[in-house]
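Worksheet: the structure to be examined is printed underneath.
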Amino acid sequence: MTALGAAVSTIELPRLARAQNLANEIGVGLIGVGVRGYELHEDLRRCKSVRVGGISDLSEHYFDRIKPRLQDPKTPLHHDYRRLLDDREIGAIVIASPDHWHAAMTLDALAAGKDVYVEKPLTYSLEEAVQVRNKARETGRVTQVGYQRRSIEHFYKAREIVQSGILGEITQIQLWSSRNRASTPWRKYNDYNTEGLPAKSGAEHVDWQRFQANRPPRPYDPLRFFHWQCYEEYSTGIFGILMSHPLDAANLVMDLGIPETCAATGGVYRYKDGRTVPDTCNALFNYPALGLTVSFIGSSNNEYFSQEAQYRGTHGTLELGTSGFRIFAEKRNALFEKFVGKAAPDRWSNLRSTPVFEEPAKAGNSTLAHLENFFENVRSRGQCKAPVSEGFKAMAAVAMSIRSYQTQRSVRWDTSSEKILG
């Protein structure tokens, strides 16, 4: 090869690489850049061969906040999310809107031929969840629900342990969301620590009509817009935003499916600030076909228990959460011997306080991993770790708990009609 030819090759190879990257690049439309949406945008910037091709939001404040973080300052910003769906260079939509818009945005995106990543919970109501699940089946698009515990490695190791039967017969699972915050939860903007309202929170700075479009008309209220999690018209509350995470993890670990019955109760007992979703709640789910119950405690005044779940078997207990998992033996049985051995020192005299095995979480960003799993399957046309079909199961249980809480009656799942009775 001549020197000139070598020089041309040296120049052309990077050009070819860039062209190939552009060909494999996935254009993404991001709907919602509030607290969670901003975090998703930061992780989208880290995803390989992914380009944010457009953003939709209803707040001037959130537009101002995201602009300095845009990789391309010319990225289009829209109030109407449907403009993202009309863009042929956008192949995937990431939805981080309030709960009451999840269904409409997902349905519209699927109908427009886009692949969809939607934050949890899947929808606001059961009826919407049925529509979204059916539309996902009909279109065959790639979907991912924001249950990022499914992208954390040790949850799969926990599944292997439970599925092996070494814990014995599991008839009870206890789930928690234990919080005790110095600042008032869900009265935030920008991030999970910034309380109050932004400077641009007046009616002239927010497209309230679009936000409220699928709800009964009411005058503009900045608290309802920026703190929407606190109000039942827009939010699934603790049951949907918090409980559904460990419940979805239990579906992964034990293939639970949808519970047969649910009884839930609670109230606004700590933060009497005008919110209409409970800050304290409990739910009890029954799975008679599997021979077990699942109970949930939603606490806003105590975080003594740091894990999210206990799987209680006749031979031992698995404590599982995002920080890792621990296994406790009921006695010096086969489970104990597997992890400790027959000759054990005196430190094992109190099995209730000393785990026989611990698996800490590996360092990493679970949201980034979850997004990368989504884009990997957008390219391969495979199935994600948390497709709509899995998110539907958690949403059915969430809807049951909300119905039971609101009516103060036990409710039942009817499999044939896919409706909540009671």
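All of the numbers you see were taken from the coordinates with simple rules; none came from a lab. Just so you know, these numbers come straight off a predicted model, no measurement behind them. Cβ: placed from backbone, ideal geometry, glycine included. Neighbour counts: every protein chain shown.
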Practice task
Note down the Stokes-Einstein diffusion coefficient of the stretch 108-229 in µm²/s, whole number, using a Kirkwood radius over alpha carbon pairs, 20 °C, and 1.002 mPa s.
Solution key: 113 µm²/s
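Quick check on packing: order 268-274, 29-35 by the mean number of other C-beta atoms within 10 Å, highest mean leading.
Details: 268-274: 13.9, 29-35: 24.4.
Result, highest mean Cβ count within 10 Å first: 29-35, 268-274.
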Exercise for the section: Could you calculate the FRET efficiency of GLN163 with GLU25 from 1/(1 + (r/R0)^6), where r is the beta carbon distance between them and R0 is 35 Å, rounded to 0.05? Expected result: 0.35
Practice task
Take each uninterrupted DSSP H stretch in the chain, measure its Cα extent along the helix axis, and return the ones at 24 Å or beyond whose mean Kyte-Doolittle hydropathy is at least -1.0.
Solution key: 3-24, 388-407
Handout entry: Ranked by how many other beta carbons lie within 10 Å on average, peptides 117-125, 324-332 from highest
Key = 117-125, 324-332
Problem - Average projected area [Cα convex hull, the stretch 187-321], square nanometres - result: 10.5 nm²
Problem - Estimated distance in nm for a label pair at SER49 and LYS331, the labels positioned 7 Å out from Cα along Cα-to-Cβ - result: 5.8 nm
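When you count, for each residue, the other Cβ atoms within 10 Å and take the mean per peptide, how do 209-215, 179-185 rank with the highest first?
On the way: 209-215: 14.9, 179-185: 13.3.
Going by the mean number of other Cβ atoms within 10 Å, highest first, we get 209-215, 179-185.
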Problem - Two-site label geometry, ASP273 and GLU89: point separation in nm, points 7 Å out along Cα→Cβ - result: 4.1 nm
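Pulled fully out, how much extra length does the chain show between GLU303 and HIS79, if you take 0.36 nm times their separation in residues and subtract their Cα-Cα distance?
Numbers: separation 224, 0.36 × 224 = 80.64 nm, distance 3.89 nm.
Length difference between fully extended and current span is 76.8 nm.
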Practice task
Any of LYS157/LYS338; LYS120/LYS200; LYS135/LYS385 with alpha carbons more than 24 Å apart? Name them for me.
Solution key: LYS120/LYS200
Completion exercise
Among ASN251, HIS227, VAL33, the residue whose Cα sits farthest towards the positive end of the charge dipole of the chain, when +1 is placed on the Cβ of each Lys and Arg and -1 on the Cβ of each Asp and Glu, is ASN251
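Treat the count of other C-beta atoms within 10 Å as a stand-in for reagent exposure and order CYS281, CYS262, CYS47, CYS384 from fewest to most. Show your work: numbers first, answer last.
Numbers: CYS281 26, CYS262 29, CYS47 17, CYS384 22.
Arranged by neighbour count, lowest to highest, CYS281, CYS262, CYS47, CYS384 become CYS47, CYS384, CYS281, CYS262.
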